[in-house]
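K.L.:
Let me give you the structure first, and then I'll get to my questions.
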Amino acid sequence: MISYGGSSDPFFKGRHLITLQDFTKEEIDVMLDLARELKLKFYRGEPTPLLLYKVLFLIFFDESTRTRNSMQAGIAQLGGQGIFLTPDKMQIAHGESARDTAIILSRFGDGIGIRHCTFGVGNRYMRAIAANSRAPVMNLQDDYYHPFQVLADLMTIQERFGRDLKGLKVTISWAYAKSHLKPLSVPQSQILLFTRYGMEVTLAYPEKFDLMPEIVEQARKNAEDHGGKLNIVHDMDEAFKDADVVIPKNWGGFFVLGNAKELMEMDPAEAMKILKENEKVIWEETERYKNWIADERRMNLTKKHSIYMHALPADRGREVVDSVIDGPHSVVFDEAENRIHTAKAVMALLMGGRS
Ligand code: CP
């Protein structure tokens with residue numbers, strides 16, 4: 001029998017997970033306790049039929065390796081089934097509304113997971129689905145948040161440094177990459193969650209590559225409330241110095257044009273148009289920071305026992321050199337593995353926990 005642990009009286013069944021901000025720290029601890037328990041049972045080969053015959057719909061507007069497969073394999077290991085959907089194969093492609101989609105899928109099944117990272121659109125869509133779904137809605141990454149990633153990150157950090165993370169020096173740094181404008185959701189979710197665990201978070205990025213101002217403000221408040229810290233610097237070396245954990249990763253220069261607040265508030269189509277028209281300017285600015293790379297010299301600035309993390313996929317040779325991501329500090333594959341254990345815990349609690 002899997003216990004939910006803890007001394008509180010948490011309830012989970014039927015709740016949506018759009019952001020971990022909507023869950024108390026105690027509830028997040030319950031998720032992690034269950035993830036650890038499920039991990040042990042997975043290693044022991046013990047069955048964990050917590051979601052027998054339950055159905056989870058997985059709508060992916062964007063590509064995925066870890067998230068999709070951790071959810072789909074995870075629900076199968078819990079005795080249920082995941083149905084993978086893409087909007088081009090649904091009536092979403094012909095304009096069916098979020099409301100109608102949510103009502104139908106939640107009458108058919110027991111949960112809906114969505115990935116929708118389009119800037120200015122994803123989170124609004126997620127919330128529109130949640131508002132109309134009678135089954136729990138799980139955010140599998142949008143333009144604001146990536147709760148499943150950061151839960152696995154926290155589990156991985158606790159495996160290395162213990163449960164009490166107060167005062168742990170964690171650096172979340174921008175790194176150069178050259179593919180597409182990557183969402184802000186990973187670093188944003190990290191600064192929000194890690195400050196709640198009392199960590200001393202340093203956020204580093206070249207000037208202009210800001211995160212969303214209201215998220216940074218919320219992270220500062222989290223730090224104040226939980227005895228953590230949030231420092232912002234614009235120098236990667238300074239950020240790496242004496243760090244226990246470094247998480248260098250690229251994110252898009254959505255606010256390079258200097259109009260963060262207006263962009264977030266305007267009609268999404270208009271915001272996208274402005275970003276598209278100015279893509280050249282954004283990439284020119286990005287090119288100035290090719291030296292923001294996780295290399296051995298920088299890793300030598302960190303503490304001896306430090307760990308290197310990355311949500312993956314990594315842009316090898318740009319964000320990080322091979323000798324670091326494949327080197328002794330790297331825990332990226334443990335971090336990726338923990339995606340399935342945390343995914344199973346969250347699904348079990350939201351889709352099958354007691355109410
Ligand atoms: N880290 C992460 O979310 O990976 P995928 O994009 O492969 O799902």
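K.L.:
Since R107 meets every condition but one in (1) buried (at least 24 other Cβ atoms within 10 Å of the Cβ); (2) in a helix (DSSP H, G or I), which condition does it not meet?
P.N.:
(1)
K.L.:
Now a separate question. Is it the case that some residue within region 281-302 is of a type in the set (G, A, S), assigned by TED's automatic domain parsing to the domain that holds A239, closer than 16 Å to G252 by Cα and in contact (Cβ under 8 Å) with a residue 24 or more places away in the chain?
P.N.:
So in region 281-302, the residues of a type in the set (G, A, S) come out as 294.
Checking the rest, the ones that are also assigned by TED's automatic domain parsing to the domain that holds A239 come to 294.
Adding the requirement that they be closer than 16 Å to G252 by Cα leaves none.
No - not one qualifying residue is present in region 281-302.
K.L.:
Out of everything in region 111-142 that is among the small types (G, A, S) and more than 14 Å from P183 (Cβ to Cβ), what residue ends up being nearest to the ligand (Cβ to nearest atom)?
P.N.:
Initially, region 111-142 is screened for residues among the small types (G, A, S), giving 111, 113, 120, 122, 128, 130-131, 133, 135.
Going one step further and asking which of them are more than 14 Å from P183 (Cβ to Cβ), we end up with 111, 113, 128, 130-131, 133, 135.
Values: G111: 18, G113: 11, A128: 22, A130: 20, A131: 25, S133: 22, A135: 22 Å.
Across region 111-142, the extreme among qualifying residues is G113.
K.L.:
Is there a residue in region 280-288 that is touching a strand residue (DSSP E or B) at 6+ places or on another chain (Cβ under 8 Å) and outside any loop (DSSP other than H, G, I, E, B)?
P.N.:
So in region 280-288, the residues touching a strand residue (DSSP E or B) at 6+ places or on another chain (Cβ under 8 Å) come out as none.
So far as region 280-288 goes, no, none of its residues is touching a strand residue (DSSP E or B) at 6+ places or on another chain (Cβ under 8 Å) and outside any loop (DSSP other than H, G, I, E, B).
K.L.:
Separate question: Under the condition of being more than 16 Å from the ligand (Cβ to nearest atom) and part of a helix (DSSP H, G or I), which residue from region 143-193 is nearest to K280 (Cα to Cα)? Break it down into steps so the answer makes sense when it comes.
P.N.:
First, pick out the residues of region 143-193 that are more than 16 Å from the ligand (Cβ to nearest atom): 158-171, 173-174, 176, 178, 191-192.
If we keep only those that are part of a helix (DSSP H, G or I) as well, we get 158-161, 191-192.
Details: Q158: 41, E159: 42, R160: 41, F161: 42, I191: 29, L192: 31 Å.
Going through the qualifying residues, I end up with I191.
K.L.:
Separate question: Quick check: is even one residue across region 52-61 buried (at least 17 other Cβ atoms within 10 Å of the Cβ), within 16 Å of the ligand (Cβ to nearest atom), in a loop (DSSP other than H, G, I, E, B) and not β-branched (V, I, T)? If you could, list the steps in order and put the result at the bottom.
P.N.:
So in region 52-61, the residues buried (at least 17 other Cβ atoms within 10 Å of the Cβ) come out as 54-61.
Filter once more, keeping what is within 16 Å of the ligand (Cβ to nearest atom): 56, 58-61.
Restricting the remaining residues to those that are in a loop (DSSP other than H, G, I, E, B) gives 61.
Right, trim to not β-branched (V, I, T) and you get 61.
The answer is yes; a qualifying residue exists.
K.L.:
May I pose another question? Consider E224 carefully, then state whether it is without any contact (Cβ under 8 Å) to a residue 24 or more places away in the chain, under 27 Å from K303 (Cβ atoms) and not in a loop (DSSP other than H, G, I, E, B). So that I can check it myself, show each step before the final result.
P.N.:
On the way: without any contact (Cβ under 8 Å) to a residue 24 or more places away in the chain: yes; under 27 Å from K303 (Cβ atoms): yes; not in a loop (DSSP other than H, G, I, E, B): yes.
Answer is yes for this residue.
K.L.:
Between R99, R68, which is at pLDDT 95 or above, among the basic types (K, R) and away from the ligand (no atom under 16 Å from the Cβ)?
P.N.:
Details: R68 fails: away from the ligand (no atom under 16 Å from the Cβ).
Criteria check complete, one pass: R99.
K.L.:
Another question, if that's okay. Where the second residue is among the polar types (S, T, N, Q) and part of a helix (DSSP H, G or I) and the first is closer than 25 Å to Y205 by Cα and within 13 Å of the ligand (Cβ to nearest atom) and lies in region 319-341, which pairs have Cβ atoms under 7 Å and are six or more apart or on separate chains?
P.N.:
From region 319-341, the pairs are E335/T156.
K.L.:
Checking V121 against (1) of a type in the set (A, V, I, L, M, F, W, C); (2) buried (at least 16 other Cβ atoms within 10 Å of the Cβ); (3) more than 20 Å from S64 (Cα to Cα), which single condition isn't satisfied?
P.N.:
(3)
K.L.:
On the basis of being in contact with an Asp or Glu (Cβ under 9 Å, 6 or more places away or on another chain) and either buried (at least 17 other Cβ atoms within 10 Å of the Cβ) or part of a helix (DSSP H, G or I) (or both), does R68 make the cut?
P.N.:
Details: in contact with an Asp or Glu (Cβ under 9 Å, 6 or more places away or on another chain): no; either buried (at least 17 other Cβ atoms within 10 Å of the Cβ) or part of a helix (DSSP H, G or I) (or both): yes.
It is false that R68 is in contact with an Asp or Glu (Cβ under 9 Å, 6 or more places away or on another chain) and either buried (at least 17 other Cβ atoms within 10 Å of the Cβ) or part of a helix (DSSP H, G or I) (or both).
The values are calculated or read from the model by the stated rules, or taken from the named source; none is laboratory data. No experiment lies behind these values; they were computed from the predicted model shown. Every residue, glycine among them, receives a Cβ derived from its backbone with ideal geometry; neighbour counts consider all protein chains shown.
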